[in-house]
Amino acid sequence: MLRVTTASLCTSCQRVRLLLLPPSASTSTVTPSNKRLENQRTVDSLYDLSVDVRKVRKFKGWVLSESSAYVSETAALLRDMGADGTVIARILETHPEAVLCRPEDVAAQRGLWESVCPNKRELVGIIEKFPASFFTLTHHGNQQANILYLQSLHLNKRIISKLIASAPQSFSRPVERNQEVIHTLRETYLDLGGEEGNLRVWLQKLLSQNPYILLRPAEAWRDSLGFLREQGFTTEELLSLVSSLRASIAELKPEAMRQALAYIEGALACSKDELKQVAIRCPAVLYYSLPTLVSRYQGLMDVGVSMEQVKESPNVMELTTQIVLYRVQKLASYGYDVRSGSLDVIVGTKKDFEMTYGKLSLRQQRPLFNPVAPLKSEE
């Protein structure tokens, strides 16, 4: 009698066999010959937690094939921190590698993160948003040293927890590198006339606006500020710029700034002093790319705005051409022609513009005052 084995079945027969398998032994254990078999215990444990295993299999299927996994232990730790079943499932779907971390390592990581974020609910929220940061357990010693260093600066715990969550790379590297950047920032602030008493608040603003600021080399700060000094900005003006740009100044590159300033100088026919005032009033011209500046300036010209108007209200270039066109048309519907007035009415946030627009609307709707009409008074 012919003995039939799984290996001798044709492809169509194997498909039939798969359909007849019970749910617990679905395609999770039967994989193509060129792939590793999945760990059925891991798959079943994830199913029990309502994790979308198909999603895990599609994007990070290798996790399901690892021989050692700690699904129940990881879920228990998250549950103990206050995470409900839905949150646990979402975390493990987003970052399934979490189940490969040893429980003792995760417990140590939890203790480290709780030192800067003791509120369990907030901590679970951070982990849900940045699971890869929490479950990246390498360089634990560097993480601890960097946290202790930032705490020694008396920074707000929320700032530190935001940093470690969204920019974990800055905590994984040796603490000396972060110390060098912070030292450069401190020197910069004090050299520009800032007061020691306000340094902590200034640092917190920088770090909260751009968590990646510590990853920028200290030399980048010196290069950016050195270039601006060469352009004739005084110490007071530089402090104003640094305070306005805050974390963005770490991204500025001398060559890009040179191109932007040269374009603005030519487009607005500025003197050197006028150019500095444009940059101070609209620091965005220092970090917008040249194509962006050209496009926005040309858009203003296309709606009939003059060069002198832009020079008087340079922060209008912070708005996209679409927003400028929309606001110009809105104001025109109430009889305001921006070509004959100040551009200040269209700059600012959406809320600022709506207030201006509202005032013009009321002004048009309000009836004219009749000086001979009797005044109404209460009887």
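Charges at C-beta only: +1 for Lys and Arg, -1 for Asp and Glu. How large is the resulting dipole of segment 192-278 about its Cα centre, in Debye rounded to 20? The partial results should precede the final answer.
Working: 10 positive and 12 negative charges, 55 e Å.
In debye, rounded to 20, segment 192-278 gives about 260.
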With just the Cα atoms defining each centre, how far is segment 263-298 from segment 82-142? Give it in Å.
45 Å
What's the percent breakdown of Cα-Cα distances in segment 239-306 across 5 Å bins, shortest bin first?
3, 17, 26, 27, 17, 7, 2, 0
Per the charge dipole of segment 173-317 (beta-carbon charges, Lys/Arg positive, Asp/Glu negative, Cα centre), the residue among Leu300, Cys282, Leu252 reaching farthest to the positive end is Leu252
In vacuo Debye sum over C-alpha of segment 192-276, base-10 log of normalised intensity I(q)/I(0) at q = 0.20 Å⁻¹, listed in q order, is -1.00
Taking a 18 Å limit on the Cα-Cα distance, which of the listed pairs Lys55/Lys162; Lys276/Lys350; Lys120/Lys157 fall beyond it?
Lys55/Lys162; Lys276/Lys350
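How would you rank 83-94, 342-353, highest first, on the average number of other Cβ atoms within 10 Å across their residues? Could the numbers behind the result be given before it?
On the way: 83-94: 17.9, 342-353: 15.4.
With the highest mean Cβ count within 10 Å placed first, the list reads 83-94, 342-353.
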Cβ-derived FRET efficiency at R0 56 Å, Glu255 paired with Lys129, nearest 0.05
0.95
At 0.36 nm per residue, minus the direct Cα-Cα distance, what do Arg54 and Ala76 gain on full extension? Give it in nm, one decimal, please.
5.7 nm
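How would you rank 206-214, 113-121, highest first, on the average number of other Cβ atoms within 10 Å across their residues?
Numbers: 206-214: 20.2, 113-121: 15.9.
Those peptides, ordered most packed to least, come out 206-214, 113-121.
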Distance (nanometres) between label positions extended 7 Å along Cα→Cβ at Ser271 and Glu219:
3.8 nm
Place a point 7 Å from the Cα of Arg36 in the direction of its beta carbon; the residues of segment 58-87 whose amide N falls under 15 Å from it are 60-70
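Values quoted throughout were computed directly from the atomic coordinates according to the rules given, and no laboratory measurement underlies them. The shown structure was predicted, so the numbers you read here are calculated from the model rather than taken from an experiment. So basically every Cβ, Gly included, is an ideal-geometry build from the backbone, and we count neighbours across all protein chains shown.
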